[in-house]
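The values are calculated or read from the model by the stated rules, or taken from the named source; none is laboratory data. Quick caveat: nothing in here was measured; it's all calculated off a predicted structure. Note that each Cβ is placed from the backbone with ideal geometry, even for glycine, and that neighbours are counted across all protein chains shown.
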Amino acid sequence: MKIINIVGARPNFMKIAPLMDVYKNDNRIEPILVHTGQHYDEKMSDLFFRELQIPKPDINLEVGSASHAVQTAEIMKAFEQVVLDQQPDVVLVVGDVNSTIACGMVAVKLGVKLVHVEAGLRSGDRSMPEEINRVLTDSISDLLFCTEQSGIDNLLAEGVSKEKIHMVGHVMIDTLLKNLERAGSSTILDDLRQSHGIDGDSFAVLTMHRPSNVDDPVTFSRILDALEVVQKDLPIIFPIHPRTRKNLSSMGLQSRVESLKNFHLLDPIGYLDFLKLTSSAKLVLTDSGGIQEETTVLKIPCITLRQNTERPITAEIGSNQIVGTDTQKIVEAYRNVVSGNWREPQIPPLWDGNAAQRIVKIMLELLAVNPR
Ligand code: UD1
């Protein structure tokens, strides 16, 4: 079975790594790895390949950044030729980024089976570009692999036939569990002690890059108001996404951030350093999707700076609290966490490190093809 696997943006890399690992030990599968080039900076891409020991992509489409329409269209144009040349049996896409839907559409229009890993998640918020990518990708996929029950419920409610849907757990958590020990030897905490005077586990980690938060100066400032209060008693470490860095400066917010004594901006950091940081933190503040799930497994309190989540299990049984972007609510949630007002999280079913194994087994059973 010849499978083209797609990666494009940072959150895709940790999801593809365990699948590439399983393929290595199965001679029935011929994997091809295609990088669309949606993310291209060393710290947003190559670093993750090295750390997670992902094989070098067989093909890089090198599309880079552009508007949604242009980026999606450029990926489609370049990927169509790859599918025509390679004649795969299956195209496998992960997550919800522009590369996911772009390659998915190319595959189905050429009659190639499409597999979506991390299917069925819905925030219900159609102003979020990822939500559009999720709905569209799921609607054209032949096989849909879900991480949580809400994914199955959403797909069934949208009329997807149940034979196509499989609960398998979470490939991103496969990667987390596999690398937790290695992350233990990251020196980031020592480095931060020396460079920024940060002590032990007395800090919060912040990530923020959603357009709804960082492209709108009013929302961005409202969140900064809350962070200003928090950093007065707990240092905040903020590895900053390139999009957020650009907006801070274009919105004239850079000097405000630099004036905050305990607010520490870092360049984007690698997987192992980030895992060490989040697993050692008092709490995490984020608008990311995946980090809500990682903190649940790590049992670190997570304050989500969004009005909704497409990963409700993290808030139902995990360590996540959906707080939104209101200044007072963020400060209140922070005070609750530090005063110990937080329940012990549970790990969602099948988030056990074996999701990639399950996916490959099901693909081989259900998408079996005649030998060439
Ligand atoms: C994309 C995904 C988002 C995911 C995020 C993770 C979509 C619609 N969005 O958002 O779901 O959570 O990745 O990071 O696919 N840039 C660089 N260097 C890079 C990549 C980007 O400087 O290597 C800058 C560029 O200025 C670019 C901007 O970041 O315009 C945004 O990049 P883009 O890939 O369009 O979206 P993200 O915000 O990264």
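Being touching a strand residue (DSSP E or B) at 6+ places or on another chain (Cβ under 9 Å), among the polar types (S, T, N, Q) and under 30 Å from ASP138 (Cβ atoms) narrows it down to one of THR244, THR219, THR175, so name that one.
Unique residue meeting the criteria: THR244.
Given TRP342, TRP351, which one is farther than 29 Å from PRO31 by Cβ and out of contact with any Lys or Arg (no Cβ under 8 Å at 6 or more places or on another chain)?
Every option except TRP342 fails the conditions.
So which of ALA73, ALA107, ALA102 is more than 20 Å from the chain's Cα centre (by Cα), modelled with pLDDT of 95 or more, small (Gly, Ala, Ser) and within 14 Å of the ligand (Cβ to nearest atom)?
ALA73
Going by the structure shown, is PRO217 surrounded by 13 or more Cβ atoms within 10 Å (Cβ to Cβ) and either touching a Phe, Trp or Tyr at 6+ places or on another chain (Cβ under 6 Å) or over 30 Å from GLU148 (Cα atoms) (or both)?
For PRO217, the condition - surrounded by 13 or more Cβ atoms within 10 Å (Cβ to Cβ) and either touching a Phe, Trp or Tyr at 6+ places or on another chain (Cβ under 6 Å) or over 30 Å from GLU148 (Cα atoms) (or both) - is met.
Suppose the filter is touching a residue at least 40 places away in the same chain (Cβ under 8 Å) and surrounded by fewer than 18 Cβ atoms within 10 Å (Cβ to Cβ); does ASP125 pass it?
yes
Say we look at region 306-328 and pick out the residues that are among the charged types (D, E, K, R) and touching a residue at least 60 places away in the same chain (Cβ under 8 Å); which of these is farthest from ILE173 (Cα to Cα)?
If we take residues in region 306-328 being among the charged types (D, E, K, R) and touching a residue at least 60 places away in the same chain (Cβ under 8 Å), then ASP326 is farthest from ILE173 (Cα to Cα).
Any residue at all in region 42-63 that is without any contact (Cβ under 8 Å) to a residue 60 or more places away in the chain, of a type in the set (Val, Ile, Thr) and either within 11 Å of the ligand (Cβ to nearest atom) or in contact with a Pro (Cβ under 6 Å, 6 or more places away or on another chain) (or both)?
Yes, the conditions are met somewhere in region 42-63.
Please enumerate the residues belonging to region 42-89 that are out of contact with any helix residue (DSSP H, G or I) (no Cβ under 7 Å at 6 or more places or on another chain) and among the aliphatic types (A, V, I, L, M).
LEU47, ALA69, VAL70, ALA73, ALA78, VAL82, LEU84
What's the total number of residues in region 270-319 that are among the polar types (S, T, N, Q) and within 16 Å of ALA183 (Cβ to Cβ)?
Here the count works out to 4.
Exactly one of (1) within 18 Å of the chain's Cα centre (by Cα); (2) away from the ligand (no atom under 16 Å from the Cβ); (3) assigned to a helix (DSSP H, G or I); (4) closer than 19 Å to SER141 by Cα is unmet by PRO18. Its number?
It fails just one condition, (4).
In region 21-41, which residue that is surrounded by fewer than 24 Cβ atoms within 10 Å (Cβ to Cβ) and in contact (Cβ under 8 Å) with a residue 40 or more places away in the chain is nearest to the chain's Cα centre (by Cα)?
So, considering only residues that are surrounded by fewer than 24 Cβ atoms within 10 Å (Cβ to Cβ) and in contact (Cβ under 8 Å) with a residue 40 or more places away in the chain, the one nearest to the chain's Cα centre (by Cα) is ASP41.
Of all strands (runs of 3 or more DSSP E) completely enclosed by region 248-362, which ones contain at least 2 residues that are crowded, with 16+ Cβ neighbours inside 10 Å and within 18 Å of the chain's Cα centre (by Cα)?
283-286, 302-304, 320-322
Collect the residues in region 118-154 that are under 22 Å from ALA78 (Cα atoms) and within 15 Å of the ligand (Cβ to nearest atom), keeping them in residue-number order.
The answer is PRO129, GLU130, ILE132, ASN133, ARG134, LEU136, THR137.
Have a look at GLY340, GLY324, GLY353 and point out the one that is modelled with pLDDT under 95 and at positive phi.
Answer to the selection: GLY340.
In region 72-124, what residues are in contact with a Cys (Cβ under 7 Å, 6 or more places away or on another chain) and within 22 Å of VAL360 (Cα to Cα)?
VAL91, VAL93, ALA119, GLY120
Looking at region 100-133, which of its residues are of a type in the set (D, E, K, R) and farther than 18 Å from ALA355 by Cβ?
The answer is LYS109, LYS113, ARG122, ASP125, ARG126, GLU130, GLU131.
Go through (1) surrounded by 23 or more Cβ atoms within 10 Å (Cβ to Cβ); (2) of a type outside the set (Phe, Trp, Tyr); (3) not assigned by TED's automatic domain parsing to the domain that holds ALA17 and name the single condition THR147 misses.
(3)
Report yes if some residue within region 49-61 is touching a strand residue (DSSP E or B) at 6+ places or on another chain (Cβ under 7 Å) and either assigned to a strand (DSSP E or B) or within 17 Å of THR137 (Cβ to Cβ) (or both); otherwise report no.
Within region 49-61 (the criterion being touching a strand residue (DSSP E or B) at 6+ places or on another chain (Cβ under 7 Å) and either assigned to a strand (DSSP E or B) or within 17 Å of THR137 (Cβ to Cβ) (or both)), the answer is yes, since at least one residue qualifies.
Regarding region 4-20, can at least one residue be identified that is surrounded by fewer than 21 Cβ atoms within 10 Å (Cβ to Cβ) and over 20 Å from ILE291 (Cβ atoms)?
The answer is yes, given that some residue of region 4-20 is surrounded by fewer than 21 Cβ atoms within 10 Å (Cβ to Cβ) and over 20 Å from ILE291 (Cβ atoms).
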